[in-house]
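Heads up: the structure comes next, in structure tokens.
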Amino acid sequence: MSAPTFSFEFFPPKTPEGAEKLRITRQQLAQFKPQFFSVTFGAGGTTQEGTLNAVLDIRKDGLAAAPHLSCIGSSRASIAEILQRYRDHGIRHIVALRGDIPSGMVDVGEFRYANELVAFIREQHGDWFHIEVAAYPEYHPQSQNAEADLRNFVNKVNAGADSAITQYFFNADAYFHFVNEVQARGVNIPIVPGIMPIQNFAQLARFSDICGAEIPRWLRLRLASFGDDTASIRAFGLDFVTELSDRLLQNGAPGLHFYTLNAAGAVSTVWQRLGL
Ligand code: FAD
């Protein structure tokens, strides 16, 4: 079995203050020597320049970085142009996504699903890029049903994905069940759990409802019971996320991908507690 892969995800900063904060976060997290950092991409290309600039900044520090690329609302020509720009910069690692359809978007463009983007990247660039795709242990919120979602994931992998990163989840069984299900369907790429620190309960609950990540009843009630006491929420969240991460690694997860939200604090603590 190969060594576990650890990575940190950022979003492109929108302001000079945000850029400065990210620079400091990056320096703090670089000491952990992750395999790579990844930078998200706004659906419809809204952060295209920001994504590339953030990736180039990371690379300037001698660190590996992978831009995300979402295809919804895009033409084949515009995606081809972005891929060529990435390639011209020597980028060889990409996270390929459909993206969320922005409300009000009428023209969804020439790609409907991420598997079409993966196939397009392979068609245009062969093996130049290492392609990561998204996986949903608790199933994608828009999937027709669980079976269809599993089938769609397998199709996306078969289109040419090298590895996958999951949506965050708080239930390790969902992850192991998903991995077993897709392995039974012939998938043998690494599926790395996405780990979300718990910092702000109201925000986490809202976001989890949208992206289909379940906060188990006991956890929701426990977090809610802290009320406005953010210090207790964070302390409890750190214990919980460390235990979850540990259980995932102990039971064979091939690494961890941390959703940092551009802040180093919680992720650094989890990392140190895990003794990685
Ligand atoms: P897909 O794999 O295309 O799946 C989307 C839905 O379509 C699923 O319900 C699937 O079952 C269904 N489907 C797939 N193929 C078919 C088919 N042939 N027929 C019918 N249904 C089908 N979003 C961003 O905008 N920018 C980012 O940078 C970003 N980064 C992310 C990183 C990770 C690790 C994850 C987990 C998600 C990220 N997202 C990002 C969110 C993601 O774009 C959304 O979850 C989006 O709704 C689905 O993207 P996907 O690539 O998983 O889509």
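Every read-out reported here was derived from the displayed coordinates using simple, explicitly stated rules and does not represent laboratory data. Because the structure is predicted, anything quoted here is derived from the model rather than measured. Please note: Cβ atoms are built from the backbone with ideal geometry, for glycine as well, and neighbour counts cover all protein chains shown.
See the values below:
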| item | result |
| --- | --- |
| Nitroxide proxy distance, nm - points 7 Å out along Cα→Cβ at SER75 and ILE101 | 2.1 nm |
| Separation of the ARG59 and ARG185 label points, Cα + 7 Å toward Cβ, nm | 3.4 nm |
| Assigned charges on the beta-carbon of Lys, Arg, Asp, Glu; the chain dipole about Cα centre (debye) | 360 debye |
| Cα gyration tensor shape of segment 65-129, rounded if a/c is under 1.5, else prolate or oblate by comparing a/b with b/c | prolate |
| Rounded, prolate or oblate (a/c below 1.5 giving rounded, otherwise prolate when a/b exceeds b/c) for segment 1-84 by Cα gyration tensor | oblate |
| Karplus-derived HN-Hα couplings along segment 119-133 (A = 6.51, B = -1.76, C = 1.60, θ = phi - 60°), whole Hz, x at Gly and Pro | 4, 5, 4, 5, 4, 7, 10, x, 9, 4, 9, 7, 9, 9, 10 |
| Overall dimensions of segment 6-161 by Cα: Rg and Dmax, Å | 15.8, 45 |
| Estimated distance in nm for a label pair at ARG23 and HIS130, the labels positioned 7 Å out from Cα along Cα-to-Cβ | 2.8 nm |
| Between segment 109-180 and segment 25-69, the Cα center-to-center distance that results, in Å | 21 Å |
| Positive dipole terminus of segment 44-168, leading residue within GLY73, PRO137, HIS89 (C-beta point charges) | HIS89 |
| Those lysines that a straight Cα-Cα span of less than 24 Å connects to LYS21, excepting residues fewer than 8 apart in one chain | LYS33, LYS60 |
| Kirkwood hydrodynamic radius over Cα pairs of segment 76-200, then Stokes diffusion coefficient at 37 °C and 0.692 mPa s, in µm²/s | 210 µm²/s |
| Compactness relative to 2.2 N^0.38 Å, alpha carbon Rg of the chain | 0.98 |
| Expected 222 nm ellipticity per residue - DSSP helices of 4 or more, -39500 (n - 2.57), all of the chain, to 500 | -15000 deg cm²/dmol |
